[in-house]
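Since every read-out is calculated from the coordinates, none of them should be taken as a lab result. Worth saying up front: this structure is predicted, and the values here are computed from it rather than measured. In this analysis, Cβ positions are derived from the backbone assuming ideal geometry, glycine residues included, and neighbour counts consider all displayed protein chains.
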Amino acid sequence: MFNAITHSQMYVLDQDEALDFYVGKLGLEVAADVDLGFMRWLAVSVPGHPERQILLEKPGAPAMSEETAAQVRDLVTKGAMGGWLILTTDDCRKTYETLLAQGVEFTEEPTERPYGTDCGLRDPFGNRIRFTQPKQQAG
C-alpha cells in the first residue's frame with residue numbers, strides 16, 4: 001500500500017533556535033521554510049535526501065489550544081514527548097568530537113553496541129537524538 005515515509009515531526013520551542021541547531025550544528029539542510037500564515041512549516045533533511053523530512057513544529061494553533069500547547073511545551077522541556085531522531089554517520093567518534101567542539105551537549109559518549117557505535121544527545125528543547133555508525137556487515 002505505502003512505499004515511503006516522507007515526513008516525521010518533532011516539537012521545538014523556538015524554530016529559529018532549532019534552525020541554528022539542526023542546520024548550523026548538526027549539518028542538516030533546510031528542506032522547507034514556509035510561512036503559511038497560521039504556522040511556519042520548517043522542515044530539515046539530511047543533505048542530499050529531501051525525500052525524508054523532519055518537521056520542526058512549534059506547539060500551538062491551529063493544531064492545539066494555548067492551554068494544550070503550554071502542556072506540550074512543558075513536556076518537551078522535560079524530554080517526555082517521546083520525540084526521537086536517529087541518524088547514521090560513517091564515523092561516530094569523529095562526528096562526536098566535531099559536535100562536542102561546537103558546544104553540543106551529549107547524554108552519552110560513543111559506545112560500542114551489537115549493531116555498531118552510537119551516542120546520544122538532546123537538542124536545545126529536550127528531544128532525544130542518537131547517531132550511529134552501523135557495524136559493517138560481513139561478506
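At a glance:
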quantity: (1) -0.53, -1.00, -1.28; (2) -0.74, -1.02, -1.14; (3) -0.46, -0.95, -1.34, with the label sought being that of the calculated log10 I(q)/I(0) by the Debye sum over Cα atoms at q = 0.12, 0.17, 0.20 Å⁻¹; calculated: (1)
quantity: FRET efficiency for residue 61 and residue 32, using Cβ-Cβ distance with R0 set to 30 Å, rounded to 0.05; calculated: 0.95
quantity: Sparse-neighbour loop sites [chymotrypsin sites (Phe, Trp or Tyr not before Pro); the stretch 51-139; at most 10 other C-beta within 10 Å; DSSP]; calculated: 115
quantity: Selection from 103, 37, 136, by position along the positive dipole direction of the stretch 20-139 (Cβ); calculated: 136
quantity: Dipole magnitude (debye, nearest 20) for the chain, charges at Cβ of Lys, Arg, Asp, Glu; calculated: 420
quantity: Approximate spin-label separation residue 106-residue 5, in nm, with each point projected 7 Å along Cα-to-Cβ; calculated: 2.5
quantity: Cα-based helix-to-principal-axis angle, 66-77 vs the chain, degrees rounded to 10; calculated: 20
quantity: Whole-Å distance, taken between Cα centres, linking the stretch 1-24 and the stretch 74-139; calculated: 16
quantity: Helix-derived mean residue ellipticity, 222 nm - over the chain, DSSP H n ≥ 4, -39500 (n - 2.57), to 500; calculated: -5500 deg cm²/dmol
quantity: Low-density loop cleavage sites - trypsin sites (Lys or Arg not before Pro) in the stretch 99-139, where at most 12 other Cβ are within 10 Å (DSSP); calculated: 135
quantity: Charged-residue dipole, Cβ positions (Lys, Arg, Asp, Glu), the stretch 46-100 about Cα centre, Debye nearest 20; calculated: 100
quantity: Sequence-distant residues sharing a close amide H with residue 88 (under 5 Å, placed H); calculated: 132
quantity: Pairwise FRET efficiency - residue 136 versus residue 14, Cβ, R0 = 41 Å, nearest 0.05; calculated: 0.55
quantity: Crossing angle, helix 92-101 versus the chain [Cα axis fit, 0-90 degrees, rounded to tens]; calculated: 50
quantity: Amide hydrogen neighbours beyond the local backbone of residue 31, cut-off 5 Å, H modeled; calculated: 43, 44, 45
quantity: Relative contact order %, the chain, counting alpha carbon pairs below 8 Å whose residues are six or more apart; calculated: 21
